[in-house]
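Everything on this sheet refers to the single structure shown next.
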Amino acid sequence: MYKEEILEHFKNPRNKGVIEKPSVRVSVKNALCGDAITLTLAIRGDKIEDIKFSGIGCALVTASASLLTEHLKGKSVKILNDINDTFVLKLLGGEITPARIGCALLPLKALKQIKK
Ligand code: FES
């Protein structure tokens, strides 16, 4: 059973969509299930002015992308160096079964593709 916050972000995902003419666009696929997610970012100077996600995914990947984009929006791009697996799992409440870790970390995997 997921935390209430995960279900809430799944039902009402924040920052879902695609930024027109983004500064950065990255996509990843979960090889185990075939779900895929794309992140688009609008970066001005060193600030993440906007970030959105799109794609097909389960409740967990959707909640993870929603929480993560909410956290990153408006921050310095330097924050991308500090975001890691532990941080994302904590953001999701920390109770993710090993079988679902790939879902939870898929948006982070996309973020890690961004060349800084
Ligand atoms: Fe596909 Fe979760 S089942 S990303």
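Bear in mind these aren't lab numbers, they're just calculated from the coordinates by the rules spelled out. Remember, predicted model here, so these are calculated numbers, not experimental data. Positions of Cβ are backbone-derived with ideal geometry, glycine not excepted, and every protein chain shown enters the neighbour counts.
Scanning the range 11-34 for any residue that is within 16 Å of the ligand (Cβ to nearest atom), free of Cβ contacts under 8 Å to residues at least 40 places away in the same chain and assigned to a strand (DSSP E or B) turns up at least one such residue. Residue count for the range 48-57 under the criterion of being of a type in the set (D, E, K, R), surrounded by 15 or more Cβ atoms within 10 Å (Cβ to Cβ) and over 11 Å from the mean Cα position of the chain (by Cα): the result is 1. Per the listing LEU39, LEU108, LEU68, LEU60, the residue uniquely touching a residue at least 60 places away in the same chain (Cβ under 8 Å) and either under 12 Å from the mean Cα position of the chain (by Cα) or not in a loop (DSSP other than H, G, I, E, B) (or both) is LEU39. Annotation note: Cβ proximity below 9 Å between a residue of the range 83-103 that is free of Cβ contacts under 8 Å to residues at least 24 places away in the same chain and of a type outside the set (Gly, Ala, Ser) and a residue that is within 12 Å of the ligand (Cβ to nearest atom) and assigned to a loop (DSSP other than H, G, I, E, B) (sequence gap 6+ or interchain) occurs for ASP85/LEU105; LEU89/ILE96; LEU89/LEU105. Inspect the range 97-110 for any residue being within 16 Å of the ligand (Cβ to nearest atom), farther than 16 Å from ASN15 by Cα and of a type in the set (Lys, Arg) and give the result as yes or no. Among the residues of the range 97-110, at least one is within 16 Å of the ligand (Cβ to nearest atom), farther than 16 Å from ASN15 by Cα and of a type in the set (Lys, Arg), which makes the answer yes. Of all residues in the range 45-57, those that are within 16 Å of the ligand (Cβ to nearest atom) have Cβ atoms under 7 Å from Cβ atoms of residues that are outside any strand (DSSP E or B) and of a type in the set (Gly, Ala, Ser), 6 or more apart or on another chain, in PHE53/ALA65; SER54/GLY17. Give me the residue from the range 16-47 that is of a type outside the set (A, V, I, L, M) and under 13 Å from ALA110 (Cα atoms) and, out of that set, surrounded by the most Cβ atoms within 10 Å (Cβ to Cβ). Step by step, filter the range 16-47, then rank; the result is THR40.
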